[in-house]
Amino acid sequence: MPEAALIGLEDGSTFRGEALTGAGTVGGELVFTTGMTGYQEVVTDPSYCGQLVTFTFPMVGNYGVAAAFDESDSAQARAVVAREVTSYRFNHAAEGAWLEWLGARGVMAVTGVDTRALTRHIREAGAMRAAISTEVEAAGDLVELARSLPPMTGRDLVTEVTRRREETLPPSDGTAAEDAPHVVVMDFGIKRSILDRLRQQGLRLTVVPADTTSSAILRLKPDGLFLSNGPGDPAAVTYAVKAVSRLVGKVPMFGICLGHQILALALGMRTYKLRFGHRGSNHPVRDLRSGRVMITTHNHGFAVDPDLDNARSGVRISHIDLNDDTVEGITCDESRAFSVQFHPEASPGPHDAHGLFVRFRELVDRDGGAAAATQTSADQRGC
């Protein structure tokens, strides 16, 4: 039977609903996503680590779940909030039902909430700390609990989601591993679909923990370096920024989401927290070089400051968000590096930006292999 659930926000606001799965009390940053599909991908995306996710689409769960849609080995979001959560599996590809899936993974699913009002509140007041409980009845107590949670600004969540050991993955396009360019992937909380896209480009991957040093990466003799997505404040991931700054210009680089922000920091730019973030699969982005507009998938709460005064020579902004003009991409031709804030792999979402993976493969083919020549000097510096 459903249990009464109370949502308490750090600004004192409260909302009520029912918990269909999960019990007790959970806390984290409360955010919203605008996607109509992809609820399983959202909950398993490591970029949602430590968050409570509100779905603006009024019904989620209506096409079931399947293992192929998992973006990681476990649920990453701590709770989901929706107007209606269903447990249908009227889909030939479904292997199970959504509520059963959430319950088996200990994710609290809260329904019956006025998500329009909740979303409007977050848009106006900003994403904030919140707690959801089936056991705390006093609104004031739950609000105080939310206020006691660590803020997202200054928080390094990469340590919670990165892998602990190195892994090698072969290309998936039929290319023999020994003939494939070698790309090192820094795992800040990478989605499986990103790894799939890279492998489909005929790349042999070595996926390494987020705290791998620049000298250790160079010893792997990469033809390219990929900087993955992930959760938390990019400015708090200082070890990764340090490693990337020492690798810029030595090996071709491509970054997505948190990887984009870390590259920007390594290039001398700054990052800041957005008011309520961008999450969903319907955000328009303009490529400033071609003028092309792409509809893209987003999941980020931080952004790159457009100020280039302290950036390395040759850095320029390559993409902007057409909703609010925030930076959605940077490039530095001199350093053979580029990155985007959005998710070109989609999953879920439109495929407008899949060509960025082709661009990275072309960059690796043209400029890869230079890292080996710099290995000795990096070792001497103790990077």
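Every read-out reported here was derived from the displayed coordinates using simple, explicitly stated rules and does not represent laboratory data. On a predicted model such as this, the values are computed, not experimentally measured, just so you know. In this analysis, Cβ positions are derived from the backbone assuming ideal geometry, glycine residues included, and neighbour counts consider all displayed protein chains.
Here the 3J(HN,Hα) profile of segment 291-308, calculated from phi with Karplus coefficients 6.51, -1.76 and 1.60 at θ = phi - 60°, is x, 5, 9, 10, 8, 10, 8, 10, 6, 7, x, 10, 9, 8, 5, x, 5, 9 Hz, Gly and Pro shown as x. For the Cα atoms of the chain, what angle does the longest principal axis make with the long axis of helix 238-247, in degrees from 0 to 90, nearest 10? So the helix axis and the longest Cα principal axis differ by about 30 degrees. Hey, how much of the P(r) for the chain falls beyond 29 Å, as a percent of Cα pairs? Cα-Cα pairs of the chain separated by over 29 Å account for 41 percent. Rounded to the nearest 5, the antiparallel percentage of DSSP beta bridges internal to segment 3-147 is 60%. Relative to the longest principal axis of the Cα atoms of the chain, helix 371-381 runs at roughly 80 degrees. Pairing the Cα long axis of helix 115-125 with the longest principal axis of the chain, what angle in degrees results, from 0 to 90 and rounded to the nearest 10? For 115-125 against the chain, the angle is about 60 degrees. Packing, taken as the mean count of other beta carbons within 10 Å per residue, orders the peptides 346-357, 184-195 from highest to lowest as 184-195, 346-357.
Rounded to the nearest 500, the helix-only mean residue ellipticity at 222 nm of the chain stands at -7000 deg cm²/dmol, with each DSSP H run of n ≥ 4 adding -39,500 (n - 2.57).
Taking every alpha-carbon pair in segment 198-269 and binning the separations at 10 Å intervals from zero gives 19, 58, 22, 1 percent. Computing Rg and the Kirkwood Rh from the Cα coordinates of segment 158-381 gives a ratio, Rg/Rh, of 0.94. Looking at segment 138-239, the pairs of alpha carbons with a distance over 20 Å make up 48% of the total.
Of all DSSP bridge pairs formed entirely within the chain, close to 60 percent run antiparallel. For segment 84-231, the relative contact order is 20 percent, taking Cα pairs closer than 8 Å that sit 6 or more residues apart in sequence and dividing their mean separation by the residue count. All Cα-Cα distances of segment 1-158, cut into 5 Å bins from zero to the largest, leave 2, 10, 20, 24, 21, 14, 7, 2, 1, 0 percent in each bin in turn. In plain terms, the C-alpha convex hull of segment 37-120 casts an average shadow of 5.0 nm² when viewed from every direction.
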